[in-house]
Amino acid sequence: MIAIPFVWFSILFVFIFKKNKKQIDIASYIALIFAVSGFFSILIDVFKLRYEQTNNYSITPIAAFIYCTFITMCIWPLYINSNAKITRIKPLKNAAPLKWLAWISSVLVAINLYMSLGDFSHIMEDMARARIAHYMGDDIESWQMSLPSIVRLPFTLLNVFFNCPWMSMFLAFYCVSIQKLPFRYGLMYLLVSMNPLIGSILIAGRAGFIFWFLSLVACHIFFKQFFNASDRRKIYGIVIAIGGIFIAYLALMTIARFGESDSGTEGGLITYIGQSYIHFCYFFDEYTCPRPTLQSIFPFTYYLFGSDMVGGVAMQQYYEQQTGKELGVFYTFMGTILTTSSFFVVLLYCVLYTTFSSVTNKAAKGIVSIKTCYVYLAFASVLFLGLFSYYYCSPWSSISLYLFYFFIKYICK
């Protein structure tokens, strides 16, 4: 059973790749992500690296079937309406809002980055201790919290609006390849995309960097056919430079957290990438949510009504106390919904997602607008950011998704 996702999604990747004339599109990229994770799931069992609560658990055929079928069902609309069918993206008649947003947001991010350098050096001294402090709720307080409310407001708005890195990357690639703005605007939006990483560093986290990298690859795949040779060379050079820094950070973080553990650094990396399939199946077979809720799907709505456990971490901690099971693990976007509600809600979510994705993304072919492109990637982001958990279970990520949509809709006018 452990090899089923690797085999299934590898076949799906090859199938989509060949159907798209040997081009990697968003659908094949997502299939590849889950195939790679499936390979690492095999390594987890080969090297006996499972978490303690799943040591004696045997994956059942029905759990494996649900895992592969539901993810494939969600990928299918992105394959049928492949982004490879887009022949041209229309530029905006008025690019002034894009320019103003680039200047304002990049200045605020540069200030945030500069003011956080002192905290960075403190974190880098002992990453393992900083991560333990995060689990204990003893994080380093951001420098912004000491500002008066009126001064802190623009930074707060920036953090909410650009909470999801893929959105600012989307604008970066659009400005360069479609709007044909000077290259500096693409650089500005790439800088803005790194704003969420500041918070990730302050808790010695790795997930933010993984999400940033997955988003970058997705946006590149979406826009790659529209780059000219000059822009492609510039972008690749910048991405390689930034990627080198990120890889160095992730290596240091992984060594700090797992270097002295029984599994070692390699074991920590394997379990990080490959645990989602095992844990989804485990919770599908062995877990019943004691207090079903839709907070993981509509987090901002619950936040407005004053819920005391909005967000992935808060819900995990609550249900751990209620059930005694360790929920602070990875189990894909479906696992987040499953552990906080029920299998019926997972089924309903995947069916509705597939339906709306199929209907909405039918427009993603031929000559399209920036709004059509954004909606397409918004649906796809649930999957390419969904290997570990449901990315939009955070109230700020979910509201960012809608705020950005309204901004895109505004600049289209």
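What the table below lists for this structure:
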item: Global form of the range 1-109, assessed from the alpha-carbon gyration tensor, a/c cut-off 1.5; result: oblate
item: Residue order, fewest to most beta carbons within 10 Å, for 308, 285; result: 308, 285
item: Dimensionless Rg/Rh of the range 1-45 - Kirkwood Rh, Rg from C-alpha atoms; result: 1.04
item: Ranked packing of 186-195, 368-377, 41-50, 166-175, most packed first, by mean Cβ within 10 Å; result: 166-175, 186-195, 368-377, 41-50
item: Long-range HN-HN contacts of residue 89 with modeled amide H, under 5 Å; result: 368
item: Neighbour-count order for 355, 339, fewest beta carbons within 10 angstrom listed first; result: 355, 339
item: For q = 0.10, 0.17, 0.21 Å⁻¹, Debye-computed log10 I/I(0) when each Cα of the range 264-413 counts as one equal scatterer; result: -0.41, -1.02, -1.34
item: The range 176-231 - percent relative contact order, Cα under 8 Å, separation 6 or more; result: 48 percent
item: Spin-label pair residue 317/residue 183, simplified geometry with 7 Å Cα→Cβ offset, distance in nm; result: 4.6 nm
item: Descending principal axes extents, the range 269-344, alpha-carbon based, whole Å; result: 39, 24, 23
item: Distance from the range 274-296 to the range 204-249 (C-alpha centre basis), Å; result: 32 Å
item: Cα pair distances in the range 185-244, grouped into 5 Å bins until the bin that holds the longest one, percent each; result: 4, 15, 26, 29, 15, 7, 4, 1
item: Estimated [θ] at 222 nm from DSSP helical runs (n ≥ 4, -39500 (n - 2.57)) normalised by residues in the chain, nearest 500; result: -23000 deg cm²/dmol
item: Whole-number percent relative contact order across the chain, with pairs defined as alpha carbons under 8 Å at least 6 apart; result: 25 percent
item: Rg/Rh (Cα only; Kirkwood hydrodynamic radius) as it applies to the range 324-413; result: 1.04
item: From the C-alpha gyration tensor of the range 302-369, square roots of 5λ in Å; result: 32, 15, 11
item: Convex hull (Cα only) mean projected area of the chain, reported in nm² to one decimal; result: 19.8 nm²
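None of the figures in this text is laboratory data; all of them are computed from the coordinates on show. This structure is a prediction, so every number in the text was calculated from the model and none was measured. Cβ sites come from the backbone with ideal geometry, for glycine too, and all protein chains shown count toward neighbours.
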